[in-house]
Amino acid sequence: MEILIRLVYSGITLYMLAILVAWLSSWIGIETEYGKGKILKKLTNPLLEQVRKVLPPMGPFDMSPIVALLALWFIRILTVSILVGIAMGS
């Protein structure tokens, strides 16, 4: 069960890191339109597009990465807590 907990925690953390890198890509010089950086957009856009549909328009500011990161952080804590509770109960 410990391996499953670590896999869930690490998987969500890696996805959060991908969102963060894709969000900051223009500032750190990673091209996401073509080349190797394009995979970041393919990985992160499905979630970010869903978040953008829910958020109201905020002009030039894209708050979807922040909302997605906070949501994933909450989901990671909740999921790992549930899995630890199941592991301790058995």
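The values are calculated or read from the model by the stated rules, or taken from the named source; none is laboratory data. Since the model is a prediction, treat every value here as computed from it, not as a measurement. Cβ: placed from backbone, ideal geometry, glycine included. Neighbour counts: every protein chain shown.
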(request) Name the single residue, out of those in the stretch 1-32 being among the hydroxyl-bearing types (S, T, Y) and under 9 Å from the mean Cα position of the chain (by Cα), that is farthest from V80 (Cα to Cα). (result) Y15
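So, T44, is that one surrounded by fewer than 16 Cβ atoms within 10 Å (Cβ to Cβ), in a helix (DSSP H, G or I), within 16 Å of the chain's Cα centre (by Cα) and among the polar types (S, T, N, Q) or not? Reasoning before the result, please.
Details: surrounded by fewer than 16 Cβ atoms within 10 Å (Cβ to Cβ): no; in a helix (DSSP H, G or I): yes; within 16 Å of the chain's Cα centre (by Cα): yes; among the polar types (S, T, N, Q): yes.
So T44 fails the test.
If the requirement is being at pLDDT below 90, hydrophobic (A, V, I, L, M, F, W, C), loosely packed, with under 15 Cβ neighbours inside 10 Å and in a helix (DSSP H, G or I), which of these qualifies: W73, W27? Break it down into steps so the answer makes sense when it comes.
Details: W73 fails: at pLDDT below 90.
On inspection, the qualifying residue turns out to be W27.
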